[in-house]
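Readers should treat all values here as calculations from the given coordinates under stated rules, not as data from a laboratory. Note that the coordinates shown come from a computational prediction; the quantities given were computed from them, not determined experimentally. Note that we place each Cβ from the backbone using ideal geometry, even for glycine, and neighbour counts take in every protein chain shown.
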Amino acid sequence: MAGRRAAREECFDEPGHGHVVRTFEQYLDDLRGSPYRPDLWSVAWDGDQLAGLVLCELDGDAAEVPWVAVRPAWRRRGLALSLLDRTHHHLAAAGVTKVRLRTVAENANDTVGLYTKAGYAVTARHPRHRKPVPARA
């Protein structure tokens, strides 16, 4: 599990994503009691290196894909699209009829283009604002 967390942090550590790095313990706390379904995840390995992953959570006959992550060394090779396709097959076999995901429109990796290519359509746009609050002494 630690390798998956490290890979996810590496994938989302680029400026502009709004991602907040968490400890391994915080990551495990997120998974405990969550609707994540590891049996529906798609994970790609290159030898002993985690190259990419797609995580899912279920809500009845709908699914949320909160994480599509491909490590920088494996990007631009079709891996994310392949992992999404595999995930969609897993979800269909589980009776899922609708899949939702969210992304940052300004993502330098053109995630909107990737998800459009995978068959998704933009249904809503939500602005996101973030500001660090300085600690008081």
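What's the extension gain from A73 to A135 if we count 0.36 nm per residue and subtract their Cα-Cα distance? Display every interim value, and only then the final one.
Working: separation 62, 0.36 × 62 = 22.32 nm, distance 3.61 nm.
So the extension gain works out to 18.7 nm.
Toward the positive end of the charge dipole of the stretch 37-137, about the Cα centre and with charges on Cβ (Lys, Arg +1; Asp, Glu -1), which of T111, G52, G78 goes farthest?
With unit charges placed on the Cβ atoms, the residue in question is T111.
Using a 10 Å cut-off around each Cβ, can you sort R130, R100 from fewest to most neighbouring Cβ atoms?
On the way: R130 6, R100 12.
Fewest-to-most Cβ neighbours within 10 Å comes out as R130, R100.
Quick check: the distance between the Cα centres of the stretch 79-105 and the stretch 45-65, to the nearest angstrom?
8 Å
Pop a pseudo-label 7 angstrom from the Cα along the beta-carbon direction at both D59 and D85 and give the gap in nm to one decimal.
A separation of 2.9 nm, rounded to one decimal place.
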